[in-house]
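Below: one structure, written as structure tokens.
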Amino acid sequence: MRATVSIDLREDIAECLREGAWNRARVAIEELWRLQPNAGTAAFVSSTYEKLRPHVRLAPARVAVLRSFTLEPVLPIVRAAGLTGGLDLTIYTGGFNTYAPELLQADSALYTFQPDVAILAVQTRDVAPRLWESWTELTENDARAVAAEVIRGFRTWIETFRAYSRAHLVVHGLEAPMVPNHGALDDQGQNSQVEAIRGINREIRHIAAKTSGVYYLDYDALVARHGRLHWHDERKWLTMRLPIGAANLIHMAEEWLRFLHPLTGRVSKVLVTDLDNTLWGGVIGEDGIGAIKIGREHPGASYLAVQRALRDLRQRGILLAICSKNNSADALRALEQHPEMLLRCADFAATRINWNDKSANIREIAAELNVGTDAIAFLDDSPVERARVRTELPEALVIELNEDPATYARSVRQCPQFERLTLSSEDRMRDQMYAEQRERRNLANRAGSLEEFYRSLEQRVEIAPVSLETIARVAQLTQKTNQFNLTTRRYSEQQIQNFAASPGWQVYSVRVKDRFGDNGIAGAVIVNVQEGAWNIDTFLLSCRVIGRTVEIAVLSFLIGEARRSGAILLQGLFIPTEKNAPAAEFYPTHGFKADGSSANATLWSLELEQTEVVCPAWIDLSVSGEARIGEHTTV
């Protein structure tokens, strides 16, 4: 049956490409990949996307894979899976078992490739053969010495990579054997083979956690999740040094994508969910609050699991919103009054409960939350509604569900677009911040004039050199901010740290507070300081504080700092994108003159002796004197 569907989909894709129906072709490719995520389909997906490429938005990323075993069959699969998720991966594969010299030599092919992300995938049997094969021959002291040597190796590789590259590094942990060398005896004493490997993994995780831009991939948990007994293919291992069975190649690829999506910024910021038969079983308008299915017993347990998954996403800083064709009063009453309901009205940043087209409602939700529709994920049990949203909003993520509600929660949790590798205080406070934003909008509607609104906000802007505590948030802002962003340059934590440690650079964070609460760090500025001139590399503000004159306060600060340093010129590029129109007039509005342009950028210059930009009277501006980050500090 699937083979027939696959043939039909391929024919449909070919017809769509001939007709120029690019979105229909993309949707069909995604459906084909969902049904048959294997090597044969991967080749078709990659070749088809070459024709589709000019008509879809893809996030490019250069990925280097360093390995101690054969991984080549995984690469076309991860590339195809990436394409269907909006990632355009260029992949470099290191030589077989040459990971150590490639990491340790500054002029190796790894560093010449200049990856955005590197993956270090080594096996226990390769990096610690005595622990894997000869455990029964080791004394307790021998085992400790071997483990310490392995840990030193990982520490050296990670530290050397960080010294030579600004890229992100994902490090595989080590795998425990399916059956320990001592069998059941391994669990009975202190000298345990499995525990020794776990101890090494704990140390790798610790090294990664204290080094900026390095992340730990729990390979042992991945193997266990998909069945240790079935993960391997012994024949492939002996003949090709490929330890992963063909059926599990897709799982390896999907695990990498759980890291690649957040590292490339291709993520969803908002999950928009249906209600009937999605967050609860039944139709509230027909069944009533007492008859809908939600609770700890079947069938309500499936829907409770969905709500639990959504609550977990909310804890990662992902906003929740409702889009439901329903009577609003009935739906809201169920959320607030049903005793088994896990999510309540306050958990949702926006709601559209009406009988309007869901695509139009989603556009309204995106506008209300000030995000692009490409940052929206949509959850709905109805295949008709999912198909409609896919057609109307091709840039949004539509989560595919099958007919069994018991699988809905897993479908949500498996989406790599919901993965996060770091969590800032702003992420944890996101729902509260949006609630405060609604209060600001209400105040703006009541104010008699714009100036009255600004003054009533009681804004306080705090500018400080980036610190160990704020570097992650500043990097996050460069990766996610699109609207008020003059250059839209994306930087990792390591790159921000390098800027901050260099004498020719200044990196500032901008925190905004007002009468309703703390917006957190909502802006960042990176400046290259040269003799006589300050050059703005990055100037951005979060959408939460756009339109409140914060940018004028920050510019007044920059002008003052540049003057005090002896500079006579402040310069900056404006690089237009599809989303940063709100920043397009920033330079000319404040006295900058165009000083040359190219096809995709304009250089703007401000003569400091002739121009004055004053901080708005309704903003209380303060500047912190925190110390700069030391050159050798590790975040």
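The values are calculated or read from the model by the stated rules, or taken from the named source; none is laboratory data. Only a predicted model underlies this, so the values are computations on that prediction, with no experimental measurement involved. Methodologically, a virtual Cβ is constructed for each residue, glycine included, from the backbone with ideal geometry; neighbour enumeration extends over all protein chains shown. Remember, those area values only see protein heavy atoms, side chains included, never the ligands or the DNA or RNA. Shrake-Rupley method; radii C 1.70, N 1.55, O 1.52, S 1.80 Å.
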For the stretch 123-139, what are the residues that are without any contact (Cβ under 8 Å) to a residue 60 or more places away in the chain and of a type outside the set (A, V, I, L, M, F, W, C)?
Arg125, Asp126, Pro129, Arg130, Glu133, Ser134, Thr136, Glu137, Thr139
Those residues that are among the charged types (D, E, K, R) and more than 22 Å from Pro616 (Cα to Cα), I need them from the stretch 440-475; list them, please.
Glu469, Arg473
Among the residues of the stretch 43-53, the number that are over 24 Å from the mean Cα position of the chain (by Cα) and either at pLDDT below 90 or farther than 12 Å from Asn23 by Cα (or both) is 6
Of all residues in the stretch 184-194, which are in contact with a helix residue (DSSP H, G or I) (Cβ under 9 Å, 6 or more places away or on another chain) and surrounded by fewer than 16 Cβ atoms within 10 Å (Cβ to Cβ)?
Asp187, Gln190
The number of residues in the stretch 389-407 that are part of a loop (DSSP other than H, G, I, E, B), touching a residue at least 40 places away in the same chain (Cβ under 8 Å) and open to solvent by less than 50 Å² (accessible area, probe 1.4 Å) is 2
Of everything in the stretch 35-47, what is outside any loop (DSSP other than H, G, I, E, B) and open to solvent by 10 Å² or more (accessible area, probe 1.4 Å)? Give them in sequence order.
Leu35, Ala39, Gly40, Ala43, Phe44, Ser46, Ser47
Within the stretch 361-387, tally of residues that are part of a loop (DSSP other than H, G, I, E, B) and not β-branched (Val, Ile, Thr):
5
Which residue pairs have Cβ atoms under 7 Å apart, sit 6 or more places apart or on different chains, and have a first residue in the stretch 317-339 that is over 24 Å from Thr373 (Cα atoms) and a second that is charged (D, E, K, R) and part of a loop (DSSP other than H, G, I, E, B)?
Leu335/Arg344; Glu336/Arg344
Residues (within 25 Å of Phe453 (Cβ to Cβ) and in a helix (DSSP H, G or I)) located in the stretch 559-582
Ala581, Pro582
Positions within the stretch 583-613 being in contact with a Ser or Thr (Cβ under 7 Å, 6 or more places away or on another chain) and either loosely packed, with under 10 Cβ neighbours inside 10 Å or not in a strand (DSSP E or B) (or both), in sequence order:
Gly591, Phe592, Val613
Please list, ordered by first then second residue, the pairs with beta carbon atoms under 9 Å, 6 or more apart or interchain, first in the stretch 343-357 and under 8 Å from Ile322 (Cα atoms) and in contact (Cβ under 8 Å) with a residue 40 or more places away in the chain, second part of a loop (DSSP other than H, G, I, E, B) and not acidic (Asp, Glu).
Ile353/Leu275; Ile353/Asn326; Ile353/Asn327
Pairs, first farther than 25 Å from Asp116 by Cβ in the stretch 202-231, second basic (Lys, Arg) and open to solvent by 90 Å² or more (accessible area, probe 1.4 Å), C-beta under 9 Å, six or more apart
Asp220/Arg198
Positions within the stretch 519-532 being surrounded by fewer than 18 Cβ atoms within 10 Å (Cβ to Cβ) and not polar (S, T, N, Q), in sequence order:
Val529, Glu531, Gly532
Could you say which residue among Ile322, Ile284 is surrounded by 14 or more Cβ atoms within 10 Å (Cβ to Cβ), under 28 Å from Ser425 (Cα atoms) and in contact with a strand residue (DSSP E or B) (Cβ under 9 Å, 6 or more places away or on another chain)?
Ile322
Working only within the stretch 4-30, note down all residues that are open to solvent by less than 60 Å² (accessible area, probe 1.4 Å), within 27 Å of Leu257 (Cα to Cα) and among the charged types (D, E, K, R).
Arg26, Glu30
So, in the stretch 49-71, how many residues would count as being closer than 14 Å to Thr84 by Cα and open to solvent by less than 10 Å² (accessible area, probe 1.4 Å)?
2
Could you grab me the full set of residues in the stretch 333-360 that are modelled with pLDDT under 95, touching a strand residue (DSSP E or B) at 6+ places or on another chain (Cβ under 8 Å) and part of a helix (DSSP H, G or I)?
Cys345, Asp347
Could you figure out which of (1) within 30 Å of Phe161 (Cα to Cα); (2) of a type outside the set (D, E, K, R); (3) assigned to a helix (DSSP H, G or I); (4) touching a Lys or Arg at 6+ places or on another chain (Cβ under 7 Å) isn't true of Val27?
(1)
Does Leu555 qualify as being touching a Leu at 6+ places or on another chain (Cβ under 7 Å), free of Cβ contacts under 8 Å to residues at least 60 places away in the same chain and under 19 Å from Leu621 (Cβ atoms)?
no
Confirm whether Ala309 is under 27 Å from the mean Cα position of the chain (by Cα) and loosely packed, with under 15 Cβ neighbours inside 10 Å.
no
If you take the residues in the stretch 287-300 that are in contact (Cβ under 8 Å) with a residue 12 or more places away in the chain and touching a Lys or Arg at 6+ places or on another chain (Cβ under 9 Å), which one is surrounded by the fewest Cβ atoms within 10 Å (Cβ to Cβ)?
Pro299
From the list Glu436, Glu462, which residue is over 21 Å from Leu555 (Cβ atoms) and among the acidic types (Asp, Glu)?
Glu436
Output the residue which, of all residues in the stretch 260-281 that are of a type in the set (D, E, K, R) and within 29 Å of the chain's Cα centre (by Cα), is least open to solvent (accessible area, probe 1.4 Å).
Asp274
Residue among Arg386, Arg410, Arg352 that is surrounded by fewer than 15 Cβ atoms within 10 Å (Cβ to Cβ) and closer than 30 Å to Arg296 by Cβ:
Arg410
Residues in the stretch 143-183 that are surrounded by fewer than 18 Cβ atoms within 10 Å (Cβ to Cβ) and over 20 Å from Arg202 (Cβ atoms) total 8
Of the conditions (1) farther than 19 Å from Arg420 by Cα; (2) buried (at least 16 other Cβ atoms within 10 Å of the Cβ), the single one that Tyr215 does not satisfy is (1)
